[in-house]
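The values are calculated or read from the model by the stated rules, or taken from the named source; none is laboratory data. Because the structure is a prediction, the values reported are computed rather than measured. Neighbour counts run over all protein chains shown; Cβ positions are idealised from the backbone, glycine included.
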Amino acid sequence: MEALQLKCPNCGGAVTLDPKSGRFICDFCSSDFSSEEVSGQNKTSSDSTDKTASSPQSEYKCPVCGGKAVLNNESGLYVCDFCTSDFTEEELTEDSDTLSDEPQNSVFAEHTQLYVCGSCGAEIVCDENTAATFCHYCHGPVALKGRVEGALTPELIIPFKIDRDFAEDLFKKWCGKKVFVPNSFRSEATLEKMVGLYVPYWLADCKVNAAADYDARKINRYSRGDTHYTETYYYHVSRAAKMKYAGIPADGSKKLDDKLMDSIEPFDYDFAVPFDMSWFSGFYADKYDVDKAAVAPRIKARLEQGVKK
């Protein structure tokens, strides 16, 4: 399957989100664009690709390096853009048939999927819940088509507001306050592994009718001369209320610890915008693998805790 990669409308290079400005910057010509500009440009390109998908293929996967082998009209051979190997169409077809006949591990195939990088043609192997990643060969950001479509499409997204430099600075300051943090944990190699990840969340709006009965006391202490007095008044208190809660969050990923995700709350929903795949450019992202029925008990528990407060 093909991976969606946002392209610069000017030069065709990969564009990634700059969290500070909220605009998409081309890695090659440094042009910047709004989300609407890159989404519109790439939608046009995608529609054009879909319309011509029924035409005969003019390129194959190179059997040597996995890159794109494109037809050279002069020689009639297919030449790899990367290793420059050339093949006849028969050789590429035979190689494709051979690969398709090889046995596959059914468990691995069930939980993984291959996508083709739109920039270099390399194959990207990812698990069934990955929605955005990077190509391991050209390091270009890619969003995986079909992973967040239909019922899986989020309604809102909170785009990143801090860039990598700021995140690294926060991490270094945090490590500086911890006496027993090993040096390997704060090394440059560790910093290189730091990535921005979009996590799927379920948000629940709830209406609650609550009633409570309490035994209350009012204590008054005073002194007269050498005598100390304590007066205690007892009350029975009843309260009832109708309450509305909006946007109670619960993460929808099995891979992430719920307590860890709860610790980064609250979220500022004022920064939420309508979902668009373009916001994934330059970051990792997962689609949900915990449905709303599974998170309902967590949301109910948080709701009860909030009502009691």
query: Which of the residues belonging to segment 272-299 are among the hydrophobic types (A, V, I, L, M, F, W, C) and part of a helix (DSSP H, G or I)?
result: 277, 279, 280, 293, 294, 295, 296, 299
- request: Could you tell me whether any residue of segment 242-249 is out of contact with any Phe, Trp or Tyr (no Cβ under 8 Å at 6 or more places or on another chain), assigned to a helix (DSSP H, G or I) and in contact (Cβ under 8 Å) with a residue 12 or more places away in the chain?
  value: no
Test: residue 218 is under 52 Å from the mean Cα position of the chain (by Cα), charged (D, E, K, R) and in a strand (DSSP E or B): no
task: Confirm whether residue 207 is farther than 30 Å from residue 6 by Cα, of a type in the set (Lys, Arg) and either in contact (Cβ under 8 Å) with a residue 60 or more places away in the chain or surrounded by 10 or more Cβ atoms within 10 Å (Cβ to Cβ) (or both).
output: no
Segment 250-271, residues that are touching an Asp or Glu at 6+ places or on another chain (Cβ under 7 Å) and assigned to a helix (DSSP H, G or I): 258, 261
message: Please determine whether any residue of segment 49-66 is at pLDDT 70 or above, within 30 Å of residue 196 (Cβ to Cβ), touching a strand residue (DSSP E or B) at 6+ places or on another chain (Cβ under 9 Å) and part of a strand (DSSP E or B).
response: no
- prompt: How do the pairs read when you match residues in segment 154-180 that are in contact (Cβ under 8 Å) with a residue 60 or more places away in the chain and of a type outside the set (Asp, Glu) with residues anywhere that are assigned to a helix (DSSP H, G or I) and surrounded by fewer than 14 Cβ atoms within 10 Å (Cβ to Cβ), using Cβ under 9 Å and keeping only pairs 6 or more apart or on different chains?
  reply: 156/269; 158/269; 158/271; 159/271; 161/271; 162/170
field: Tally of residues being modelled with pLDDT of 60 or more and part of a strand (DSSP E or B) across segment 69-113
entry: 9
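Results for (1) of a type in the set (Asp, Glu); (2) touching a strand residue (DSSP E or B) at 6+ places or on another chain (Cβ under 8 Å); (3) surrounded by 15 or more Cβ atoms within 10 Å (Cβ to Cβ), shown as yes or no for each residue.
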position	(1), (2), (3)
217	no, yes, no
248	no, yes, yes
261	no, yes, yes
269	no, yes, no
278	no, yes, yes
308	no, no, no
